[in-house]
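Just below is one structure, and these are the notes that go with it.
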Amino acid sequence: MSKPALSWKEWGRLDAVALAELVRTRQVSAAETVAQAVEAARLLEPQLGAVLETFDDITSAPSADGANPDGALWGVPLFIKDLGSTIGGRLAENGSALNKDKRSARTDPLIANLHRAGLISVGRSTTAELGMTYDTTTTYRGLKVTRNPWNPDYTPGGSSGGSAALVAAGVTPLAHSTDGAGSTRIPASLTGLIGLKVSRGRLPLPWSFNEYGNATIGEGTFSRTVRDTAAFLDAAASDYPAGNSFVSGISPTHTFASALQRAPGKLRIALSTGAWGRATACHADIAARTREVAAALQELGHEVEEIDDSIITDWDRFWPSFSTFWLGMRPAMWGLPHEDGIPPELLEQLAPMTRKFWLNAQRYDKRDVLRHQAGNNAHALRLGEFFGKYDALLAPAFAIPAPKANGPFSLANDRDFDAYINELLDAGRYAIPASEAGLPAISLPAGKDANGIPVGVQLYAKWFEEARLLQLATQLEAARPHWFNTTPPVHVCTLD
């Protein structure tokens, strides 16, 4: 492209709200912002491995996929994760040979809402195959490893690792994500971003989804500022077509952006860095970072109490129930389009660990599904009791420091399956309960680990209290600004 409309330093500094204001006041055009985002992705892709494709046709026609020039966020580019909601006519491969070259027949409601608000989809970002791990390495089009802009030797997490890497590197201020067991919050933690997992029913799911069969799955975004997260949520929740999902009851008179202007009041916050029913302890450095956030919350006037994690829920019932869904029900769904399950020729094209997920799922039957549903109800009731006593729960976002890219959690390796799963669940223990129970949770940056990779913490609230989480995040953003909107070594600002 010719000289970009904005300097790269300015581009990397602007959040979505500020960029939309520049477009609104005609200091820059939507065509220029789209072109600059596509160029940023092209220039940093050799270091990040985060982009599957850019929609180059959008540079000459920013509204081609339905983006609304009158929307509040008109001109803000974002990448769509290649898993979850899709754009009609665009590829939707889920990072897998099972969906290779498949195109979406219809734009899903969430994306339609985002486009109605003026956001412009400029490409697809990488995902772990079928969203099954905390690393983003794919094999269906040859080995592709997505890397962390803080240090390319490390993973940005998964399964939304491509979107996280792009936002952290300043390519776009926002990117789409999904979260079924921490796939938004864990990459946000490992890249220094804000990642919100919304309540079940807060946002519309894809047309082909329904909470009855996808109880843990939700969609969201990565951002560098709290106000961008609120703006995204207002856009994403603007319309909720009936028929495919539980409906939360959206108020047209209160926005999440306006909630940021109100303090949450003094809250009672539980702190836990415990085992949460797993065999290994939280890494000491991660626990220490979490306690630093607890101290900051106390300075802000909140009451923080460290608790015994046994009061959160019944972990002896929780983990078998979740494992039934993640290891049995979810992989079993991959074979639904085929009469006799996944054909052998396609099964051989899956990454080694993905293939093991499918084979392991054959051990489960309908009785396991019923036990999972009963267990899910029990967990939700216990968590409801817990949030009757506490306004929020503070915990780490990830129990361990960032792993290496294409490392222990990569689906491309061929480890012992049981050992792999135990390590995966140990590491993700603090993110998984919010997904299983449909609770809202937000990951916030809290400094860096000994390797210079960001560390995140997580705040839970009870159902449909996203506004409270955003208010707490706003307070921490103001009290500890050096934790937020940081600049990694791989970043667009280096392109000037």
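Structure notes:
- Checked against (1) surrounded by fewer than 19 Cβ atoms within 10 Å (Cβ to Cβ); (2) closer than 26 Å to L233 by Cα; (3) not aliphatic (A, V, I, L, M), D308 meets all criteria but (2).
Let's see how each residue does on (1) at pLDDT 95 or above; (2) touching a helix residue (DSSP H, G or I) at 6+ places or on another chain (Cβ under 7 Å):
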site: V167; (1), (2): yes, no
site: N210; (1), (2): no, no
site: G218; (1), (2): no, no
site: D228; (1), (2): yes, yes
site: A235; (1), (2): yes, yes
site: G249; (1), (2): no, no
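- Test for L327: is it surrounded by 19 or more Cβ atoms within 10 Å (Cβ to Cβ), touching a Phe, Trp or Tyr at 6+ places or on another chain (Cβ under 8 Å) and within 11 Å of L98 (Cβ to Cβ): no
- Test: residue in segment 420-435 that is at pLDDT 95 or above, aromatic (F, W, Y) and within 17 Å of T184 (Cα to Cα): yes
- The set of residues from segment 47-76 being under 26 Å from Y154 (Cα atoms) and surrounded by 18 or more Cβ atoms within 10 Å (Cβ to Cβ) comprises L48, G49, A50, V51, L52, T54.
- Among the residues of segment 275-308, the ones that are among the charged types (D, E, K, R) and over 25 Å from the mean Cα position of the chain (by Cα) come to 5 in all.
- Of all residues in segment 51-96 being over 19 Å from the mean Cα position of the chain (by Cα) and in a strand (DSSP E or B), the one that is farthest from A168 (Cα to Cα): L91
- Residues that are among the basic types (K, R), farther than 17 Å from K404 by Cα, in contact with a Gly (Cβ under 7 Å, 6 or more places away or on another chain) and not in a helix (DSSP H, G or I) are absent from segment 179-192 altogether.
- The residue of segment 159-196 that is farthest from the chain's Cα centre (by Cα), among those that are under 12 Å from F79 (Cα atoms) and among the aliphatic types (A, V, I, L, M), is V171.
- Subset of segment 77-88 (residues that are buried (at least 21 other Cβ atoms within 10 Å of the Cβ) and of a type outside the set (V, I, T)): P77, L78, F79, K81, D82, L83, G84, S85
- Elements of the type helices (runs of 4 or more DSSP H) sitting completely within segment 401-496 and holding at least 2 residues that are touching a helix residue (DSSP H, G or I) at 6+ places or on another chain (Cβ under 6 Å): these cover 432-437, 466-479.
- Residue satisfying condition, being at pLDDT below 95, surrounded by 24 or more Cβ atoms within 10 Å (Cβ to Cβ) and either in a loop (DSSP other than H, G, I, E, B) or over 13 Å from the mean Cα position of the chain (by Cα) (or both), within set P204, P156: P204
- The set of residues in segment 382-400 being part of a helix (DSSP H, G or I) and crowded, with 24+ Cβ neighbours inside 10 Å is empty.
- Look at (1) buried (at least 20 other Cβ atoms within 10 Å of the Cβ); (2) among the β-branched types (V, I, T); (3) under 16 Å from L459 (Cβ atoms) and you find that T313 fails only one, number (3).
- Restricting attention to segment 273-300, the residues that are in contact with a helix residue (DSSP H, G or I) (Cβ under 9 Å, 6 or more places away or on another chain) and part of a loop (DSSP other than H, G, I, E, B) total 11.
- Picking from residues in segment 436-455 that are more than 12 Å from L190 (Cβ to Cβ) and not small (G, A, S), the one that is surrounded by the most Cβ atoms within 10 Å (Cβ to Cβ) is I442.
The values are calculated or read from the model by the stated rules, or taken from the named source; none is laboratory data. On a predicted model such as this, the values are computed, not experimentally measured, just so you know. Because the Cβ atoms are built from the backbone with ideal geometry, glycine has one as well, and the counts that use them run over all protein chains shown.
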